[in-house]
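Data first, discussion second: the structure below is written as structure tokens.
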Amino acid sequence: MMRVAVPIRMALWTVAGAVLVLLYGPLAVAMFFSFFKLRSNQVQWDSFSFEAYGKLPANENVIDALGNTLLVGSAAVAAALVLGTLLAFYYHGGRSRTREWLQLVIFLPFLMPPILTGLALLIFFRQIDFPRSLVTVVIGHTVFVLALVYRNVLARLQTLSRSLVEASLDLGASRWQTFRHVLLPNLATALLAAAILAFALSFDETLITLLVTGTKNTLPLWLWSMMRLGFTQDINALVTLILVATTALCLVAARYLTIPQAR
Amino acid sequence: MSGATGTGTPRVARLALTAVVWAPPGLFILLPLLMFLGQSFLRVQGTEVVYEPTLQNYIRFFTDPAFLPTFSSSVLLAIEVAAIAVLVAYPIAYLLAGLEGRAKYVMVFVFVIPLLMSYIIKIYAIRSLIGGNGFVNRILLFLGIIDTPWTFFSLNRNAVLLTLTLLLIPYAILPIFVALEKVPRNLLEASGDLGASSWQTFRAIILPLTLQGVVIGASFTFVLALGDFVTPQMVGGIEGFTFGRIIYSQFGYGNNWPFGAALSVILLAVVLVAIVVADRLGRSRFTT
């Protein structure tokens, strides 16, 4: 990119620095108070401990919500991977108006505000008399992350040379063998990156979940219900763990996402 | 598999495949949207939905003085969020695009990863910083800089504006960064060789070529800001009552689903307009 004069560059970095502080500051505060106690508005500097972390496994609500969140995330990611791959192959298989329309439908839940996706599903489930439960949450999350998987797989498919498939078929492999032994290995990293990002999105999904869930809480919903009371040290500890786990997962995903660019 | 629709495939098999791929998105995306559209033309009597087509929900929105002002102030708020987010995101994206090698991707990552960090926690943390009883106020009071808590950002519209902007800035940085990365380097060199100042090069080449990214970032932040109902509820108090909150309340204690659906259809219309405008702006004038 074009060089800019030093004073301007300094000004730009100041803006960037300020934004970073604003983006990470609140999270840092939450992390800080997972280790230290606050008494009558004074930080107790000698109160450093991992006590709050130790108490977490005994908190049934947390374990319950965490279990639900992991279950929903895994189910939604699995469904989205299968469906997204199928749809990407279909789109890649030729050109037609139907394909363009289908692609638009897939993208809709990603383009619309989540409240609309959530409400549409909410009304749909009531009309067909389908009780709200974790199943409806899984459907909501699948619909939400589908576009991400679809887009990732399609992008990878479009970079693969057609001669790869042709060579495989010429050599006598069946369509299934070609898919299993030629295409799938080439898609693996795209699928993995999509799976991780989709899982991270599902893990944190709040707006759709709030509308389509039954009586069971996922972690974001539980946190939301706790927020009215104010967060305790335990919650700050939980938050810290979640942030560390999410960051680590995204680092792994980023590794695989950048591979096509590096080639 | 990619050759499944080749000339040799019988027509029936092709139709079957089309049906199979359309079924899940059709059932869980398209059909719910259609039902939701249909619901907006119904009404409730007591607690029961009456299945007779009516326009009364839409008439109520346009005639009841409770709704239009909230609606327009929410649209304005979302525009402000989008504008601030893009203005702040541009210089950051510019800096990121100017970095080299590994540092570039690490820094992009640093700015984008907050998107995947818990949304509820971010809202809560921001609130605990800026609120009337928040840390910023406590520190300022402690240091004697102020005597009474600063309430500019406590439970009001400003708090919603600040929080939404902070939450959504990464969505603006990413498309602008991608657009900046696509600007051909030789154009910049040519411009410099021909004697243009860096400001002239920016104004005449970089900005027009990256406008599409700006527009995408703005429309993304606008759409998400307009549709959010949790953030305003958490940091907005009574003053920060937004359109998203009104919609949500129709499905909760308001318990008027058809009216809520009609309000959402209006939200959807605004979103569609924003997407179409963004598409036109980004595409027509500057790409050849």
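Rule-based calculations on the coordinates, nothing more; no lab input. Keep in mind that this is a model prediction, so the values were computed, not measured. No Cβ is skipped: glycine too gets one built from the backbone with ideal geometry, and neighbour counts run over all protein chains shown.
Observations on the model:
- Shielding of A:149-158 by partner chains, average beta-carbon count, 10 Å: 0
- Between the residues B:Val265, B:Ser197, B:Gly240, the greatest Cα displacement towards the positive end of the dipole of the stretch B:73-284, with unit charges on the Cβ of Lys, Arg, Asp and Glu, is found for B:Val265.
- Computed from the C-beta positions of A:Arg255 and A:Leu184 and an R0 of 22 Å, the FRET efficiency is 0.65 to the nearest 0.05.
- Cβ-based charge dipole, the stretch A:60-262, positive-most Cα from A:Ile208, A:Ala237, A:Val165: A:Val165
- The ratio of the alpha-carbon radius of gyration of chain A to the globular-protein estimate 2.2 N^0.38 Å is 1.25.
- Student exercise, the stretch B:73-284 dipole from Lys, Arg, Asp, Glu Cβ charges, in Debye to nearest 20: 180
- Label sites at A:Val244 and A:Leu104, each approximated as a point 7 angstrom past Cα along Cα to Cβ, lie 4.8 nm apart.
- Inter-chain shielding of B:106-118 (mean C-beta neighbours from other protein chains, 10 Å cut-off): 6
- The magnitude of the dipole of the protein assembly as shown, with charges of +1 and -1 set on the Cβ of Lys/Arg and Asp/Glu and taken from the Cα centre, is near 1060 debye.
- Other protein chain C-beta atoms within 10 Å of residue C-beta, averaged over A:17-28: 6.
- Pair-distance profile P(r), taking every C-alpha pair of the protein assembly as shown, with 10 angstrom steps and integer %: 3, 15, 25, 27, 19, 9, 2, 0, 0
- To the nearest ten degrees, helix A:97-111 and the longest principal axis of the Cα atoms of chain A are 0 degrees apart.
- Cα gyration tensor of chain B - equivalent ellipsoid semi-axes, whole Å, descending: 37, 35, 18
- Counting neighbouring Cβ atoms within 10 Å and putting the fewest first, the residues B:Ile59, B:Ile113 line up as B:Ile59, B:Ile113.
- 15 Å cut-off, amide nitrogen to a point 7 angstrom out along A:Trp45 Cα→Cβ, residues in the stretch B:108-141: none
- Per-peptide packing, taken as the mean over residues of other Cβ atoms within 10 Å, places B:118-129, A:161-172, B:202-213 in the sequence B:118-129, B:202-213, A:161-172 from highest down.
- Summed over all non-identical Cα pairs, the Kirkwood treatment of the stretch A:122-260 gives a radius of 18.0 Å.
- Extension gain for the segment A:Leu56 to A:Val15, taken as residue separation times 0.36 nm less the Cα-Cα distance, is 10.9 nm to one decimal.
- Kirkwood Rh in Å, taken over the stretch A:145-188 so that all alpha-carbon pairs contribute: 11.1
- Where GluC sites (Glu not before Pro) in DSSP loops with at most 15 other Cβ within 10 Å are excluded, longest remaining stretch of chain B: B:101-238
- Phi to ³J(HN,Hα) by Karplus 6.51 cos²θ - 1.76 cosθ + 1.60 over the stretch A:214-226, Hz, x for Gly, Pro: x, 8, 8, 9, 9, 4, x, 5, 5, 4, 5, 5, 6
- Estimated 222 nm signal from helices in chain B, with DSSP H stretches of n ≥ 4 weighted -39500 (n - 2.57), rounded to 500: -22000 deg cm²/dmol
- Whichever lysines have a C-alpha closer than 28 Å to that of B:Lys122, once near sequence neighbours (fewer than 8 apart) are set aside: A:Lys37, A:Lys55, A:Lys216, B:Lys104
- Positive-end extreme of charge dipole, chain B - chosen from B:Ala278, B:Asn256, B:Ser154 (charges on Cβ): B:Ala278
- Taking packing as the residue-averaged number of other Cβ atoms within 10 angstrom, the listed peptides B:14-26, A:23-35 run from highest to lowest as A:23-35, B:14-26.
- With contributions of -39500 (n - 2.57) from each DSSP H run of at least four residues, the per-residue ellipticity at 222 nm computed over chain A stands at -25000 deg cm²/dmol.
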